[in-house]
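The next block holds one structure in the form of structure tokens; read it before the comments.
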There are 2 protein chains.
Amino acid sequence: MAVRPPPTARCDRCGRPIDEVQVALPCPDCAGPVGISFDSETRPNARRGARVDGLWRYGAALPLRDPNDVVSLGEGDTPVVRLPRWGAAHGMRNVFAKLEYIAPTGSFKDRGTTLVVSRAREIGARELIEDSSGNAGASVAAYAARAGIPAIIFVPAGAPAAKIAQIAATGADVVRVEGPREAVRDAAIEAARSRNAYYVGHNGNPYFEAGTQTFGFEVARWHFGHVMMPVGGGSLFVGGWRGLQRAAAPRAILPRFHLAQPTGCAPIVAAWRRGMGRPVPIERHPTIAGGAEIEHPARGVEILRILTASHGGAVDIHDDAIVAARHELATLEGIDVEPTSALAVAGVIALLRDAVIRSEDRVLIVLTGSGLKVPA
Amino acid sequence: MAVRPPPTARCDRCGRPIDEVQVALPCPDCAGPVGISFDSETRPNARRGARVDGLWRYGAALPLRDPNDVVSLGEGDTPVVRLPRWGAAHGMRNVFAKLEYIAPTGSFKDRGTTLVVSRAREIGARELIEDSSGNAGASVAAYAARAGIPAIIFVPAGAPAAKIAQIAATGADVVRVEGPREAVRDAAIEAARSRNAYYVGHNGNPYFEAGTQTFGFEVARWHFGHVMMPVGGGSLFVGGWRGLQRAAAPRAILPRFHLAQPTGCAPIVAAWRRGMGRPVPIERHPTIAGGAEIEHPARGVEILRILTASHGGAVDIHDDAIVAARHELATLEGIDVEPTSALAVAGVIALLRDAVIRSEDRVLIVLTGSGLKVPA
């Protein structure tokens, strides 16, 4: 892989060139979505013999000037395992899990973060700013340390101490912000602007999406009828789908992409049920699935489009069903995940009950975060 | 890989056949070490194209009747990453880490457990018993759940609640035992005998060692001058060395194998300094490196032999240096490990100071357990 022309960022709607330190934000002129163009392999191809671990085997397909000089901790290439005992308990014979939590910081976010931080270093960013009290915050903090770039992570004032400790462990500054989730985001964006810092904003950052596409590259090696995952901001849902489209053989039948959200915060599910093309306002309630507590998902329109295109389904899950699904998966298969991941486990049961998934179908459940992060 | 004749267990000294439910214990007749003989590839060969994740790519080289029917969670195949910033801080240019904590239950123990539990299921074990309040306990509990075999884990009465929660999360019964560490082990062995249960006893179990050999198979792909790891029972040290010997090309120069122990419990280091061939009695003090708190390592003689054969070094590390090494690695490289793993980081600094390792040497630091298990 040689050094290539660098990627460039532009507004997909009006064509305005975008300063990459703000690549995660909508176009300042027309509020259109920002896209990146780059010279890469059209169809990703893993360099298996290469002395490169994890997702950077697909480096030639990823938007970076030099895919040999990256900020990596060996992320990606997560195992797919069959769930025979959990499947038998639900009358299913062909159910599998992709263990995305077997990752440097314990969640799938590392796929996106390695791209974002590699590119931020490539453009000479001197500071990274993110807003997240969860897996994204811990992931960005770790990769920023790895790159030697200072990071400031903005979190809600009420974030649990254990989560903040995970972020602070690798040396990031943590700033607590009072008020709703939107206030935390606004404070982060404002700080990034005034300090000329790189705003990570993972759910809106096209580099983050490019990283999560590698999930789809890996899944394309298999043949599943269904993929089920939890959705908050939907970065893995959107990136995974696009990656699968890029990697799949021409005319391959792609799996149906399903999602689950907690009943307390299910704006995509609400829109889907009403046949709407964009997320609808909801009344939000507390939930244990903290990773999916996003009331206004910026990529809601794309998520709903993918549901339609892939003949997917969207279900909401009560907290008690999340707890039960986590416990059942842990005791039947030895796999302990955080509550947000257990959403997907309960989601498959719901779609089986609704006859969207049939007992003989080949199903992949995406387990996004480690149970070590949120002890039961 | 076809179904092969099953492995058989015998005393290496007197040849007595051993009932495999007690394969982790010395020979009941002569107290000799138990070995297994099996028909396998002599030199391990990874099936790279295979639809098998992780260490089972080496299934043909592992002792099991049927390496296609195993109890696996996708363990092994951990990344090796360069440590440029940590290395620069210590004047080293070629220092790497193998991230063994990127594993199903967050530690290298999963390499051994997948073998032990696969074999236990193969011989029809109906119950598994282990004594460990740490990573081995959590690993055995998870794989037992995965196999559908009930597990009882014996732990010291004073074990931290967080550790016990990790073991109990996947449904194992936890039994607390008062008294010294040896009393916990004795209670586990006695329970296994009286219930005719399979005693895992990972540090003495030849199947566990066979699993840890895959670490050596993976390291043989690289060319390191030095490997440094923390040692408690030494299962990874012994298994890793043997695996490396099996996998290396004929006449290859093997790396020197070094170890670090906490000053509060360093029986191998004490023996090494005095030129003894077996661990010596020590006065034990509390340490934060809980994974290395083994006063009487059963494989001490082998560990000391490997140190000699490989021209290795053994160093003891004070708790404050462990804490400092953990913090430095986390903030310079974004890698947060548990204190026991940080032993190896501090160990390299000690051997550099002693001129056993030189600044230009190619060094591999083995990071065995996730920081998520023991928040800083």
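Laboratory data are not the source of any read-out in this text; all were calculated from the coordinates shown. Bear in mind that the values here come from a model prediction, so they are computed numbers and not experimental data. Ideal geometry is used to build each Cβ from the backbone, glycine not excepted, and the neighbour counts take in all protein chains shown.
Laid out as a table, the results:
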quantity: Set of aspartates and glutamates near A:Lys109 by C-alpha distance (under 15 Å), chain-local residues within fewer than 8 positions excluded; calculated: A:Glu75, A:Asp77, A:Glu100, A:Glu130, A:Asp131, A:Glu209, A:Glu338
quantity: Size of electric dipole in chain B: Cβ of Lys, Arg +1 and of Asp, Glu -1, about Cα centre, debye, nearest 20; calculated: 1040
quantity: Shielding by partners - mean other protein chain Cβ count within 10 Å, residues of A:70-77; calculated: 4
quantity: Relative contact order of the stretch A:308-376, pairs being alpha-carbon contacts under 8 Å that are 6 or more residues apart, as %; calculated: 34
quantity: Volume of the Cα convex hull of the protein assembly as shown, divided per residue and given in Å³; calculated: 154
quantity: Charge sum, other residues only, whose C-beta stays under 10 Å from A:Phe96's C-beta, Lys/Arg counted +1 and Asp/Glu -1; calculated: +3
quantity: Shape call, the stretch B:58-166: gyration tensor on alpha carbons, a/c limit 1.5; calculated: oblate
quantity: B:Gly313 long-range amide H proximity, modeled H, under 5 Å; calculated: B:His258, B:Leu259
quantity: Rounded to 5, the percent of DSSP beta bridges in chain B classed as antiparallel; calculated: 25
quantity: Theoretical gain in end-to-end length, A:Val301 to A:Arg126 [0.36 nm per residue, Cα-Cα removed]; calculated: 59.7 nm
quantity: Order by protection proxy (mean Cβ within 10 Å, highest first), peptides B:335-345, A:272-282, B:241-251, A:167-177; calculated: B:335-345, A:167-177, B:241-251, A:272-282
quantity: Dimensionless Rg/Rh of chain A - Kirkwood Rh, Rg from C-alpha atoms; calculated: 0.94
quantity: Dipole magnitude of the protein assembly as shown, debye to nearest 20 (Cβ charges: Lys/Arg +1, Asp/Glu -1, about Cα centre); calculated: 2000
quantity: Order by protection proxy (mean Cβ within 10 Å, highest first), peptides B:150-161, A:202-213; calculated: A:202-213, B:150-161
quantity: Residue and distance (whole Å) for the chain A Cβ nearest the axis that superposes A on B; calculated: A:Leu372, 2
quantity: Label-point separation in nm, B:Asp186 to B:Arg273, each point 7 Å along Cα→Cβ; calculated: 3.0
quantity: For A:Asp53, A:Asp186, order by how many other beta-carbon atoms lie within 10 Å, fewest first; calculated: A:Asp186, A:Asp53
quantity: Distant-in-sequence amide H partners of B:Val337 (H built 1.01 Å from N, under 5 Å); calculated: B:Gly371
quantity: Candidates per GluC sites (Glu not before Pro) in the stretch A:222-307, loop by DSSP, up to 11 other Cβ within 10 Å; calculated: A:Glu283
quantity: Within 10 Å of each Cβ in B:330-342, the average number of Cβ atoms from other chains; calculated: 5
quantity: The stretch B:235-320, relative contact order in percent, only Cα pairs under 8 angstrom and at least six apart counted; calculated: 39
quantity: Rounded if a/c under 1.5, otherwise prolate or oblate - the stretch B:244-343, Cα gyration tensor axes; calculated: oblate
quantity: Shielding by partners, peptide B:107-118 (average Cβ within 10 angstrom, other chains); calculated: 0
quantity: Euclidean distance of C-alpha centroids, the stretch B:189-264 and the stretch B:1-34, integer Å; calculated: 18
quantity: Fewest-first sequence of B:Cys27, B:Cys14, A:Cys265 by Cβ atoms within 10 Å of each Cβ; calculated: B:Cys14, B:Cys27, A:Cys265
quantity: Percent RCO, i.e. relative contact order, over the stretch A:9-80, from Cα pairs under 8 Å lying at least 6 residues apart; calculated: 23
quantity: DSSP-assigned coil residues among GluC sites (Glu not before Pro) in the stretch B:1-99, each with at most 13 further Cβ atoms within 10 Å; calculated: B:Glu41
quantity: Distances in nm from A:Gly35 to the matching label points in the other copies, shortest first (labels 7 Å along Cα to Cβ); calculated: 6.5
quantity: Surrounding net charge for A:Ala376, when Lys and Arg each add one and Asp and Glu each subtract one, Cβ distance under 10 Å; calculated: -1
quantity: Net charge of neighbours whose Cβ lies under 15 Å from the Cβ of A:Arg193, counting Lys and Arg as +1 and Asp and Glu as -1; calculated: -4
quantity: Three-way shape call for the stretch A:132-209 based on the alpha-carbon gyration tensor, with the a/c threshold at 1.5; calculated: rounded
quantity: Beta bridges by DSSP in the protein assembly as shown, antiparallel share as percent, to the nearest 5; calculated: 25
quantity: The protein assembly as shown: calculated mean residue ellipticity at 222 nm from DSSP helix runs of at least 4, using -39500 (n - 2.57); calculated: -10500 deg cm²/dmol
quantity: Calculated label separations, B:Ser359, copies of the chain, 7 Å along the beta-carbon direction, nm; calculated: 6.9
quantity: Pairwise centroid distance, computed over Cα atoms, of the stretch B:296-370 with the stretch A:57-77, Å; calculated: 29
quantity: Which of A:Arg121, B:Arg362 has the fewest Cβ neighbours within 10 Å, and the rest in rising order; calculated: B:Arg362, A:Arg121
quantity: Convex hull volume per residue for the stretch B:1-114, taking Cα atoms only, in Å³; calculated: 167
